[in-house]
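Report on the following structure.
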Amino acid sequence: MAGIFERIKELLGGVPSELSEEEKAQQLAKSVAQRQINELIAREESYAGRPDLWEGEFLQTIEFSVEASEDEREDLEDGIVPWINLVGREVELERLIDPDSIALNYQKARIVFDYPLNNPTTREITTSDEGFTRRQLVEAIGRFYEEIYEEEEASATTKTLPKSDRRIMNRNQTDGIYGIWGHDLDDIAISGVEARRTRDGEIVLILGIES
């Protein structure tokens, strides 16, 4: 046991020798948790400052808002939640404001998924109608996110830790094809999408993420 603690002390900067074994374990646990928090903050800052990989002509922003529940109204004077949760979206869609009018007047677009992914990916949506409603966009985004998380877990050697086994609530990074970090799917909410036209004429949708 002493040898293990000596090695951990080297990694984490040392633990006072006068502490009991239980106190050492508690302090080490706090140190590991703080290190994980610092790493998460660094990742969030890196994402916020990332270069724009999807340059193009700005077309429009489509916002997603839902009517607040009774409990939510206590904190929201206007009674509107400015995002929609992806998990449990069947219920959320019942509260979605202006769900069924055409919001995106294009028949094909590519959605960019880059958060919380180390390896971004895209998915294409098409329709034979004149465009997409907010309901259709939310359903597509939610379905694709579910597929991405499932593919990540299936391809990862380092699996997602159960919440009860984590030192902090945030999701651990896994090493699947997308390298998802920091957030479970039930952390992800969408406030809107920004539509752009690339040089080759493709319509891309950049997600506004709340987590």
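The values are calculated or read from the model by the stated rules, or taken from the named source; none is laboratory data. These numbers come from a predicted model, not from an experiment. In this analysis, Cβ positions are derived from the backbone assuming ideal geometry, glycine residues included, and neighbour counts consider all displayed protein chains.
Some points to look at:
- Against the test of being at pLDDT 95 or above and of a type in the set (Gly, Ala, Ser), the options 88, 131 yield a single qualifying residue, 131.
- In region 174-202, residue nearest to residue 146 (Cα to Cα) [restricted to those that are buried (at least 19 other Cβ atoms within 10 Å of the Cβ) and more than 10 Å from the chain's Cα centre (by Cα)]: 178
- So residue 93, is it out of contact with any strand residue (DSSP E or B) (no Cβ under 6 Å at 6 or more places or on another chain) and exposed (fewer than 14 other Cβ atoms within 10 Å of the Cβ): no
- Residue count for region 174-190, restricted to those that are under 22 Å from residue 208 (Cβ atoms) and either among the charged types (D, E, K, R) or outside the structural domain of residue 162 (by TED's automatic domain parsing) (or both): 3
- One residue from 73, 123 being under 20 Å from residue 191 (Cβ atoms), free of Cβ contacts under 8 Å to residues at least 12 places away in the same chain, surrounded by 14 or more Cβ atoms within 10 Å (Cβ to Cβ) and out of contact with any Asp or Glu (no Cβ under 7 Å at 6 or more places or on another chain): 73
- Scanning region 98-114 finds one or more residues that are of a type in the set (Asp, Glu), without any contact (Cβ under 8 Å) to a residue 40 or more places away in the chain and closer than 16 Å to residue 62 by Cα.
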